[in-house]
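Visitor: One structure coming up, written as structure tokens, with questions to follow.
None of the figures in this text is laboratory data; all of them are computed from the coordinates on show. Remember, it's a predicted structure, so these values are computed and weren't measured experimentally. No Cβ is skipped: glycine too gets one built from the backbone with ideal geometry, and neighbour counts run over all protein chains shown.
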Amino acid sequence: MGEGLLIYGANGYTGELVARRAVERGLRPTLAGRNGEAVAALAEHLGLAHLAVSLDDPAGLDAALRGQRVVLHCAGPFRYTSSPMVEACFRAGVHYLDITGELAVFESLYNRDAEARAAGVTLLPGVGFDIVPTDCLAAHLKRRLPGAQCLELAFRLVGRPSRGTAITAIEGAASGAVRRGGKIVRVAPGHVSRRVDFGRGPVTVVAIPWGDVSTAYYSTGIPDITVYSYVPPLVARALRAGRLAWPVLAWRPVRELLRRMVRRQPPGPTDAARARGLGLVWGEACDGAGTCVASRLRTPEGYTFTALAAVLIAEKTLAGAAPTGFQTPSLAFGPDLVLEIPGVEREDLAGEDIRGGHDDRAGDSGYARRSAL
Ligand SMILES: NC(=O)c1ccc[n+]([C@@H]2O[C@H](COP(=O)([O-])OP(=O)(O)OC[C@H]3O[C@@H](n4cnc5c(N)ncnc54)[C@H](OP(=O)(O)O)[C@@H]3O)[C@@H](O)[C@H]2O)c1
């Protein structure tokens, strides 16, 4: 098994990890990307078929997808790369998976649900660390508290980001987002912070426009959603004091300077560094009567997790287990999907632990007003 899977962007840092994991699982994917030489070198090393095709070449994409059943798209930023591949998948009747974490991409794919159903195609973005663990935790919390009205999710990644992640983050860094009353509301990045306990004592996390601001609503129907990330204490203090001027990140020259700095870094963490890293996820859901439930996850390091989760979901999709239309990981495979990934542990919190840090909310003077929107 494994023929029928095409990994696009396979020569990228994460694409290569995904390709290596696919081979470990006994799959025989075709590797693809726009850089024929780099893709061929990896494919020959792994003993796989390969092809070079640009996303600007619809006829080339049609030829590339002939005979395939699932595309696992690993080339980002996805705001530039997703749409041509989705169009090609619709034309070819091939299921589409990607590893995006970009809110705008989730929203645009959600809006293509009817076309995907008509084409008999699964559209399942976010099969990496963003958003598999947070999405499964959100669905688990909803299962524990079906009347939940407010969802707060937070994560902490121990380990450094890849160049591709850093460049994608620069593209989206100038704007923050939360969901209030079912609508996505644009806010300044980091405008809300709070304390949460990932299991090692309370730390400060700040709100970020993580993909779940889009997708957790579709997975759970909970109308108020905020997603937070751990940031080093210095950054948290600067955010609270307003010393980080996020709007400058909207300026093209500033973004280009940052991109140039990032390109000088190594492609991503080494295997040894990934083995030392880990991911921590915390979530809390509350109903209107003041009842709250909270749970935590501990996962392998983010890129290791992404390779494990993406290949697991590709295998399930190849086996015909994914419904057609727009899907989130938990809608397609249930809240316990994340527990199928080696090294993941989930813990339900009780009593005092649930409220840990809740009163320590900071920089959130607009929260009540915004939540009323
Ligand atoms: N969901 C998650 O948890 C998760 C985890 C890891 C990564 N990601 C995302 O995945 C993306 C890739 O990350 P990475 O670390 O692998 O980055 P990377 O090492 O820089 O690789 C990027 C890949 O995308 C390709 N690419 C970029 N723009 C393209 C375009 N316009 N047309 C065709 N191919 C294009 C590159 O091809 P060339 O070599 O030809 O430039 C390369 O193969 C980023 O957006 C990152 O944020 C998400």
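Visitor: What ranking do D212, D271 get, fewest neighbouring Cβ atoms within 10 angstrom at the top? Can you show the working numbers first?
Guide: Working: D212 31, D271 10.
In increasing order of surrounding Cβ atoms, one gets D271, D212.
Visitor: May I ask you to order 321-330, 177-186, 7-16 by the average number of other C-beta atoms within 10 Å around their residues, highest value first? The partial results should precede the final answer.
Guide: On the way: 321-330: 22.0, 177-186: 16.2, 7-16: 26.5.
Most protected by this proxy first, the peptides run 7-16, 321-330, 177-186.
Visitor: For the peptides 91-97, 34-40, what is the packing order when you average, over each peptide's residues, the other Cβ atoms within 10 Å and list the highest mean first? The partial results should precede the final answer.
Guide: Numbers: 91-97: 21.3, 34-40: 16.9.
Packing order, densest peptide first, comes out as 91-97, 34-40.
Visitor: Grab the DSSP H runs of the chain that are 4 residues or longer, score each as -39,500 (n - 2.57), total them, divide by all residues and round the 222 nm result to the nearest 500 deg cm²/dmol. Can you show the working numbers first?
Guide: Numbers: 16 runs with 150 residues, N = 373.
Helices in the chain give a 222 nm mean residue ellipticity of -11500 deg cm²/dmol.
Visitor: Provide the FRET efficiency to the nearest 0.05 for the R298-E115 pair, computing r from the beta carbons and using R0 = 45 Å. Mind dumping the intermediate values first?
Guide: Values: r = 38 Å, r/R0 = 0.84.
Approximately 0.75, to the nearest 0.05.
Visitor: Have a look at the DSSP beta bridges in the chain and tell me what percent are antiparallel, nearest 5.
Guide: Among the beta bridges of the chain, antiparallel pairing accounts for roughly 60 percent.
Visitor: Using unit Cβ charges (K, R positive; D, E negative) and no other charged atoms, how large, in debye to the nearest 20, is the dipole of segment 132-214 about its Cα centre?
Guide: Details: 13 positive and 5 negative charges, 29 e Å.
Dipole size: approximately 140 debye.
Visitor: Then there is this: For the chain, what is the charge dipole size about the Cα centre, in debye to the nearest 20, if Lys and Arg each add +1 at the Cβ and Asp and Glu each add -1 at the Cβ?
Guide: Values: 43 positive and 37 negative charges, 207 e Å.
Roughly 1000 debye, rounded to the nearest 20.
Visitor: Go through A32, I167, H140 and say which Cα lies farthest out towards the positive end of the charge dipole of the chain; charges sit on Cβ, +1 for Lys and Arg, -1 for Asp and Glu.
Guide: Comparing the listed Cα positions along the dipole, I167 ranks first.
Visitor: So how much slack lies between D56 and R79, counting 0.36 nm per residue of separation and subtracting their Cα-Cα distance, in nm?
Guide: On the way: separation 23, 0.36 × 23 = 8.28 nm, distance 1.41 nm.
Working it through step by step, the gained length comes to 6.9 nm.
Visitor: Another one. For R25 and A272, compute 0.36 nm times the residue count separating them, minus their Cα-Cα distance, and round to one decimal in nm.
Guide: Numbers: separation 247, 0.36 × 247 = 88.92 nm, distance 2.08 nm.
Using 0.36 nm per residue and subtracting the Cα-Cα distance, I get 86.8 nm.
Visitor: Name the residue from T328, V205, L5 whose Cα lies farthest towards the positive end of the charge dipole of the chain, charges +1 on Cβ of Lys and Arg and -1 on Cβ of Asp and Glu.
Guide: So the residue furthest toward the plus end is V205.
Visitor: About its Cα centre, what dipole magnitude does segment 10-82 give when the only charges are +1 on Lys and Arg Cβ and -1 on Asp and Glu Cβ, stated in debye to the nearest 20? List each step's numbers first, then the result.
Guide: Working: 8 positive and 7 negative charges, 67 e Å.
That gives a dipole near 320 debye.
Visitor: Here's a follow-up. Once the piece of chain linking E37 and E107 is laid out straight, how much longer is it, given 0.36 nm per residue of separation minus the C-alpha distance between them?
Guide: Values: separation 70, 0.36 × 70 = 25.20 nm, distance 3.39 nm.
Length gained between E37 and E107: 21.8 nm.
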